[in-house]
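The values are calculated or read from the model by the stated rules, or taken from the named source; none is laboratory data. Remember, predicted model here, so these are calculated numbers, not experimental data. So basically every Cβ, Gly included, is an ideal-geometry build from the backbone, and we count neighbours across all protein chains shown.
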Amino acid sequence: MVSESQVLSLAIEEICTQHHGQVSPLLPILHDVQSRCGYIADEAVQIIAARLNLTRAEVGGVVSFYTDFKTQPAAGRVIKICRAEACQANGGRQVWEAAWAAAEGTVEIEAVYCLGNCACGPSAQIDGQTLGRLDQQQIVSLVNALAKGDDL
């Protein structure tokens, strides 16, 4: 029987192999590991560091520097809400506050700064899908749906 640790190790080795020969492959590898695993575990940092001939501190420093990288699994579903100026100018603060009030710990609400959807703000992102022109009622409906386990 294969352990969870062995599965993780094999997945990371596969990802590292896919990026072999690239110049500065660390960020693409970290993005792929997070995409596949949901977060970047300490064990993943060790494997990546060994594979790229870097120290754990170098890899861990990159992971901790970028807020998009997570070192723990999410508590549940995550809604990323844009807090940048363009979205704020179109009601982003109200959308943010409504999401926080509705979530009550059932859904993780995460601040991001620019989803690249400025013309359609306020914007949010769920499971990689960007949603625009959100209002308070829409975000509350999304939070409630995700809390129940519904898909978009």
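Being within 19 Å of the chain's Cα centre (by Cα) and surrounded by 14 or more Cβ atoms within 10 Å (Cβ to Cβ) is true for just one of N117, N90. Which residue is that?
Details: N90 fails: within 19 Å of the chain's Cα centre (by Cα).
Within the list N117, N90, the selection yields N117.
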Complete set of residues in region 58-71 that are in a helix (DSSP H, G or I) and farther than 19 Å from Y113 by Cβ: E58, V59, G60, G61
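Yes/no per residue for (1) of a type outside the set (V, I, T); (2) touching a strand residue (DSSP E or B) at 6+ places or on another chain (Cβ under 8 Å):
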{"position": "A89", "(1), (2)": "yes, no"}
{"position": "A102", "(1), (2)": "yes, no"}
{"position": "N117", "(1), (2)": "yes, yes"}
{"position": "Q129", "(1), (2)": "yes, no"}
{"position": "G132", "(1), (2)": "yes, no"}
{"position": "V140", "(1), (2)": "no, no"}
{"position": "D150", "(1), (2)": "yes, no"}
Of the criteria (1) touching a residue at least 40 places away in the same chain (Cβ under 8 Å); (2) surrounded by fewer than 17 Cβ atoms within 10 Å (Cβ to Cβ), which one I126 fails: (2)
Residue match in region 38-47 (condition: assigned by TED's automatic domain parsing to the domain that holds S9, within 17 Å of the chain's Cα centre (by Cα), closer than 30 Å to E14 by Cβ and at pLDDT below 90): yes
Region 53-79, residues that are crowded, with 16+ Cβ neighbours inside 10 Å and either aliphatic (A, V, I, L, M) or modelled with pLDDT of 95 or more (or both): L54, V59, G60, V62, V63, V78, I79
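What about L142, is it surrounded by 14 or more Cβ atoms within 10 Å (Cβ to Cβ) and either in the same structural domain as C16 (by TED's automatic domain parsing) or over 30 Å from T17 (Cα atoms) (or both)?
Criteria met by L142.
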Residue check, I48 surrounded by 13 or more Cβ atoms within 10 Å (Cβ to Cβ), free of Cβ contacts under 8 Å to residues at least 60 places away in the same chain and not in a loop (DSSP other than H, G, I, E, B): yes
Long-range neighbours under 8 Å by Cβ, at least six apart or interchain, first residue at pLDDT 90 or above within region 6-24, second among the acidic types (D, E) and in a loop (DSSP other than H, G, I, E, B): none
All positions within region 3-45 that are in a loop (DSSP other than H, G, I, E, B) and not hydrophobic (A, V, I, L, M, F, W, C): S3, H19, H20, G21, Q22, S24, P25, G38, Y39
